[in-house]
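Okay, structure first, notes after.
The values are calculated or read from the model by the stated rules, or taken from the named source; none is laboratory data. Source: prediction; values computed, not measured. Counting neighbours? That spans all protein chains shown, and the Cβs are built from the backbone with ideal geometry, glycine included. Just so you know, the surface numbers come from the protein's heavy atoms only, side chains and all, with ligands and any DNA or RNA stripped out. Shrake-Rupley method; radii C 1.70, N 1.55, O 1.52, S 1.80 Å.
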Amino acid sequence: MPTATTSFLDQQIVLDHGTGARLSRELVEFVVEVLADVYLGEMEDSAILPPLDGALAMTTDSFVVDPPFFGNGDIGKIAVCGTVNDLAVAGAQPRYLTLAMILESGLPLAQLHRALESVRDTAREAGIKIVAGDTKVVGAGEADGIFLNTTGVGVFTSPPKRMKDVTVGDKILLSGPIGDHTIHLLSVREGLGFESNVLSDCAPLNGMIDAVRGAVPESAVRSMRDVTRGGLNAVLHEYASAVGHALRVEEEALPISFETAMAADMLGINPINCANEGCLALFVAPEHADDVLRTLRAHPYGKGAVVIGEVTERPDPVVELTGKDGRVSEVEELQGAELPRLC
């Protein structure tokens, strides 16, 4: 059987890796070897999982990030983080993950190995196990190197976190800066020179969420959302629509690094529309906002946490921005994509 230390790493994906014959078996064995202890499957046609106590959460996502390898992450890390974070913000404890791969003929096995190592390491950090998977190989030009799909299963040990539980007066918190992931990837693509100073924020957030939930009463955090595609703008409009009240945000409070702001200005984009992969928005009861903020800042992924606004009494599902000059304006929701795919 080929191992990660043999010439197998010098090879490329070929169409026969997807035929179900010997090369397919060797590819699967290679994948399982790299995933090591985070893989619980038994090579059957379905995973056989132990009983779980409590209601189940399930989410699925596909990842086609371009470029697939970047500063502080790659497509493997994003695949685990994106699915883990979706489970955690719903209030579930992430437990299991499936991993499906679409591989383009000609992909170097060394690149697949690199992505799988990230899957393994991130799964270990998040405390989640991979229980099933799939590989498909397509011809050259029919994919972009490597696409991943993950489905996650979690269990609720307490009531789910829902948008409908957010109410007037709740504070809006962000766990850290916005826009870094987008600016980093765009800079890598276009050779803008910002990528060494602005790295992706890609991270599994369930550990930080657990810390917050352990520090305050369960009802203190009404709802949470990871700020991914569509950026902060999309999250705020989604909540405004669900709650039926205006959300007001302070422009000066928005956590945007100098380099990200400068790059965004040069590119003509607004950081509030930028995708992130390690930023959490929390809607918190006002009397607990300081405790949540303190807990976030004590965690490595929440050092830049800030309060950015609140849910107002205005009975209109809009997003308001208080500018640096004190004037209040409405933030328009994007109708479509302002930016290319970044996750």
task = Would you check if Asp210 is modelled with pLDDT under 95, open to solvent by 10 Å² or more (accessible area, probe 1.4 Å) and not in a strand (DSSP E or B)?
result = no
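Residues checked against (1) open to solvent by 30 Å² or more (accessible area, probe 1.4 Å); (2) closer than 24 Å to Glu125 by Cβ:
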{"site": "Val28", "(1), (2)": "yes, no"}
{"site": "Leu49", "(1), (2)": "yes, yes"}
{"site": "Ser62", "(1), (2)": "yes, yes"}
{"site": "Ile75", "(1), (2)": "no, yes"}
query = What is the number of the single condition among (1) touching a residue at least 24 places away in the same chain (Cβ under 8 Å); (2) surrounded by fewer than 16 Cβ atoms within 10 Å (Cβ to Cβ) that Pro68 does not meet?
reply = (2)
remark   = Taking the range 31-47 and keeping residues assigned to a loop (DSSP other than H, G, I, E, B) and buried (at least 17 other Cβ atoms within 10 Å of the Cβ) leaves Gly41
remark   = Conditions (1) surrounded by fewer than 22 Cβ atoms within 10 Å (Cβ to Cβ); (2) in contact with a Phe, Trp or Tyr (Cβ under 9 Å, 6 or more places away or on another chain) -> Gly326 fails only (2)
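Suppose the filter is at pLDDT below 95 and open to solvent by less than 70 Å² (accessible area, probe 1.4 Å); does Leu342 pass it? Walk me through it before giving the result.
Values: at pLDDT below 95: yes; open to solvent by less than 70 Å² (accessible area, probe 1.4 Å): yes.
Considered against the rule, which asks whether it is at pLDDT below 95 and open to solvent by less than 70 Å² (accessible area, probe 1.4 Å), Leu342 comes out as yes.
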note = Looking across the range 77-124 at residues that are within 11 Å of the chain's Cα centre (by Cα) and among the charged types (D, E, K, R), the single one that is surrounded by the fewest Cβ atoms within 10 Å (Cβ to Cβ) is Asp86
key: Considering residues of the range 256-302 that are open to solvent by 60 Å² or more (accessible area, probe 1.4 Å) and touching a Leu at 6+ places or on another chain (Cβ under 8 Å) only, the residue farthest from Pro160 (Cα to Cα)   = Met266
request  = Check Val188, Val249, Val243 and return the single one that is open to solvent by 10 Å² or more (accessible area, probe 1.4 Å), β-branched (Val, Ile, Thr) and in contact with an Asp or Glu (Cβ under 8 Å, 6 or more places away or on another chain).
outcome  = Val188
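Of the residues Ala92, Ala110, only one is under 19 Å from Met58 (Cα atoms), assigned by TED's automatic domain parsing to the domain that holds Ala143 and in contact (Cβ under 8 Å) with a residue 60 or more places away in the chain; which? Break it down stepwise before answering.
Details: Ala110 fails: under 19 Å from Met58 (Cα atoms).
The conditions single out Ala92.
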